[in-house]
Structure formats: structure tokens, C-alpha cells
Amino acid sequence: IWTFVLRLLKRERSEYNRLFYWLNVVVRYRAGLGIIGFGFTKLFPVQMPYPSLGILDTDYGDLTAQKIFWLSFGIVPWYQVFAGILEVSAGTMLFFRKTVPIGAALLVGALGAIVVVNFAYDGGVHVYSSYFVLLSLYLLVPYYKPFYNLFVKEIAAKIELYLPRFKPTFNLFRISFKAIILFVFVGVFFYLQYIDFRYDP
């Protein structure tokens with residue numbers, strides 16, 4: 001689409017490194033912010049709570065497949081906490097260029113399992129969980145060949161990424177924006193989720 005638009009404007013290019021870089025930034029932030037929100041609901045186990053007496057008194061055959069899975073997840077809150085730590089850590093790593101491959105690989109592993117669970121137990125969020133896996137796979141595109149060379153062929157590999165040079169004022173704005181986003185989505189969300197976990201049964 002972008003090539004077609006540039007052809008109409010008679011400004012065709014052979015490479016779109018800058019566009020690819022900014023698209024990566026948008027995808028990184030979207031995946032990071034989305035998964036941090038989900039991660040905190042597991043870090044403080046409120047997404048899948050411990051079974052209530054009313055649920056335990058329900059006939060097993062009356063429970064949906066999704067409810068059975070959520071209950072089995074809810075009775076092991078420390079596993080839920082582990083999943084939350086994994087998701088929050090992976091989401092936070094997406095905000096920093098040097099840790100993007102680690103964060104994206106963690107998301108593919110963690111959310112890939114969640115996608116399978118959603119399909120197997122009819123979880124109802126098939127598309128949304130698959131969306132995050134696809135975003136993570138997209139972020140790993142520049143690393144496929146170097147990872148293949150390193151881990152499969154066992155030869156030296158070099159990752160070459162296009163990193164634009166920013167003016168000092170824009171760089172200051174970029175770093176400040178990232179700091180504010182991290183403060184809100186990691187600091188404030190952490191506090192709000194803790195309050196929800198502590199005082200809202």
C-alpha cells in the first residue's frame with residue numbers, strides 16, 4: 001500500500017527502513033502495553049480467582065469447559081503469579097530496543113500456550129490472544145535468520161537493525177515519553193491492581 005501511494009506521488013523508494021523502524025515501534029508499544037495490563041491481573045491473582053463455595057457446590061456437568069480450566073488455574077495462584085511475572089516482564093522488555101527479541105520470544109511462548117488453551121477450552125478470547133502472538137512474531141522478523149544461523153547452523157551471526165539518528169531534542173522527548181508510559185503502565189497499574197486484589201473480593 002505504501003509503495004502504491006509513493007508511486008502515485010512519484011516518490012518511489014527501494015527501501016523503507018525508516019517506515020519499518022516506526023512500524024516496529026508502534027507494534028512494540030501496542031504489544032507491550034496490552035500484555036502488561038493482562039499480566040497484572042495474573043500477578044495479583046484476580047483474573048482466575050480461587051473457586052467460591054457457590055462454584056464448588058455446582059454440579060460438575062453444569063460447568064463450561066472454560067470455567068473448568070479457569071477453576072483449575074485458580075486453585076494454583078502461584079502458577080498464575082508466575083504467568084503474570086512472565087507477561088509483565090516480557091511486555092516491559094518490548095519498550096527497550098536491546099531486549100525486544102527476548103520479550104517477543106517470551107510472549108510467543110507464553111501466549112502461544114494461552115492461544116492453544118483458548119481454542120481447546122473455548123476461552124472466548126481466541127482472536128485477542130492470537131493477535132499478541134502475531135505481533136510478537138512480527139517483532140522477531142529481523143532476528144529469524146541470525147537466530148537460525150546461531151542455533152541451528154551453529155555459526156557466528158550478526159543482527160543488523162536500522163536505527164535512525166535522532167536530534168537531541170527529539171531524543172529527550174522520546175526518552176521522557178517512554179519514562180511516562182512506563183510509570184503509568186507499570187507503576188500506576190501495579191498500585192491499582194494491588195488495591196483491587198487487596199480490597200475488592
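The values are calculated or read from the model by the stated rules, or taken from the named source; none is laboratory data. Everything numeric here is computed off the predicted structure, so don't read it as measured data. Quick reminder, even Gly has a Cβ in these numbers, built from the backbone with ideal geometry, and neighbours come from all protein chains shown. Note: accessible area is taken over every heavy atom of the protein model, side chains too, but ligands, DNA and RNA are not part of it. Shrake-Rupley method; radii C 1.70, N 1.55, O 1.52, S 1.80 Å.
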Quiz item: Given DSSP loops and a limit of at most 10 other Cβ atoms within 10 Å, what is the longest stretch of the chain that contains no such trypsin sites (Lys or Arg not before Pro)?
Solution: 12-152
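What does the C-alpha gyration tensor say about the overall shape of the stretch 116-179? Classify as rounded when a/c is under 1.5, otherwise prolate if a/b is larger than b/c, or oblate. Numbers along the way, then the final one.
On the way: a/c = 4.34, a/b = 1.26, b/c = 3.43.
Judged from the Cα gyration tensor, the stretch 116-179 comes out oblate (a/c at least 1.5, b/c at or above a/b).
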Exercise. Take a quick pass over the chain and tell me how many lysine pairs come in under 15 angstrom between Cα atoms, counting only ones 8 or more apart or on separate chains.
Key: 4
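With the other protein chains left in place, how much accessible area per residue, in square angstrom, belongs to the chain at a 1.4 angstrom probe?
With all protein chains present, the chain gives 66 Å² per residue.
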Quiz item: What FRET efficiency do you get for SER176 and TRP2 if R0 is 25 Å and r is their Cβ-Cβ distance, rounded to the nearest 0.05?
Solution: 0.30
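Ignoring any ligand, DNA or RNA, what whole percent of the accessible area of the chain comes from carbon and sulfur when the probe is 1.4 angstrom?
With neighbouring chains kept in place, the figure for the chain is 68 percent.
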Quiz item: Helix 65-74 versus the longest principal axis of the chain: what angle, 0 to 90°, nearest 10, using Cα atoms?
Solution: 90 degrees
